[in-house]
1. Among (1) under 14 Å from G161 (Cα atoms); (2) surrounded by fewer than 19 Cβ atoms within 10 Å (Cβ to Cβ); (3) among the aliphatic types (A, V, I, L, M), there is one condition L79 misses while meeting the rest; what is its number?
2. Does K108 qualify as being of a type in the set (K, R), within 14 Å of the chain's Cα centre (by Cα) and farther than 24 Å from Q228 by Cα?
3. Quick one: in the range 122-146, which of the residues that are in contact (Cβ under 8 Å) with a residue 60 or more places away in the chain and among the β-branched types (V, I, T) is farthest from L61 (Cα to Cα)?
4. Can you pull out every residue in the range 129-140 that is more than 21 Å from T213 (Cα to Cα) and touching a Leu at 6+ places or on another chain (Cβ under 8 Å)?
5. Please count how many residues of the range 210-237 are of a type in the set (V, I, T) and loosely packed, with under 14 Cβ neighbours inside 10 Å.
6. Would you point out the residue of the range 199-244, among those that are among the hydroxyl-bearing types (S, T, Y) and part of a helix (DSSP H, G or I), that is farthest from D166 (Cα to Cα)?
7. Got a sec? Which of D114, D80 is within 26 Å of K211 (Cα to Cα) and of a type in the set (D, E)?
8. For the range 151-164, indicate whether the set of residues that are in contact (Cβ under 8 Å) with a residue 60 or more places away in the chain and of a type in the set (S, T, N, Q) is non-empty.
Amino acid sequence: MAKFGKWLGGGLGWAFGGPIGAILGFAVGSAIDSVVSVDGEVKYGNKNIRTAPNDFSVSLLVLIAAVMKADGKILKSELDYVKKFFLKQFGSEHTQQLVLTLREILKKEIPVQDVCFQIKTYMQYPARLQLIHLLFGVASVDGHVQIGELEVIQSIASFLGIKSADFASIKAMFFKEVDGDYKILEIEKTATDEEVKKAYRKMAVKYHPDKVTHLGEEFQKSAKEKFQKVQEAYEAIKKQRGIN
């Protein structure tokens, strides 16, 4: 765990404080104080520290645990999905440590609202949208999202300050719904062709992968998948309407 602690200390800023820091302290098995060494400099608490990729990954790890616990059972397929995701991002050594940490976090009650408040305070909106998209990915890995999982993700989205239209858009990417393509673009089926085009341009900007380049290659790959869903929805509507 010493190497894991060093890795965390090298990348984490605000996540060392508050409820996330308390959960990590439980999982790693040692107290985490508010003094963090980052690139040779000492940072105190969570002041003047911007979101880093490891802040995002640890936030994701804690929220993943909350979703996995929602239906009262931990599936091997869910753990495998998470392991594969972090393997691509951090390599085998860190992934092993992260999975071990996740297993410990799963043993603890997670104060979801408090954790989300901390994330909302320090994480930019596009990254929070990405968190919701990834949580749906974990929940749907077994082929469908359980009601309990959906309710937890919806609560997380609310606590994170995600707009209801944005949540409905991301949800529609994972659920086959009536007029789902329109929901992805955050418009009604009654929208004019010009409104459809305008909505697509707006969503293309909102979900463009460049919004989360600072989070790392694997997170950007997931962002590209979300961006592709927007493009697919637009192309489907264009085909239905005969829009050129």
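Coordinate-derived values only; no laboratory data. Note that the structure is a prediction, hence the values are computed from the model and not measured. Glycine gets a Cβ as well: all are built from the backbone with ideal geometry, and neighbour counts include every protein chain shown.
1. All conditions are met except number (1).
2. no
3. The qualifying residue farthest from L61 (Cα to Cα) is V141.
4. Selection gives A139 alone.
5. Number satisfying all stated conditions: 1.
6. Filtering the range 199-244 down to residues among the hydroxyl-bearing types (S, T, Y) leaves 200, 207, 213, 222, 234.
If we keep only those that are part of a helix (DSSP H, G or I) as well, we get 200, 213, 222, 234.
On the way: Y200: 13, T213: 20, S222: 16, Y234: 16 Å.
If we take residues in the range 199-244 being among the hydroxyl-bearing types (S, T, Y) and part of a helix (DSSP H, G or I), then T213 is farthest from D166 (Cα to Cα).
7. Numbers: D80 fails: within 26 Å of K211 (Cα to Cα).
D114 is the lone residue from the list that is within 26 Å of K211 (Cα to Cα) and of a type in the set (D, E).
8. no
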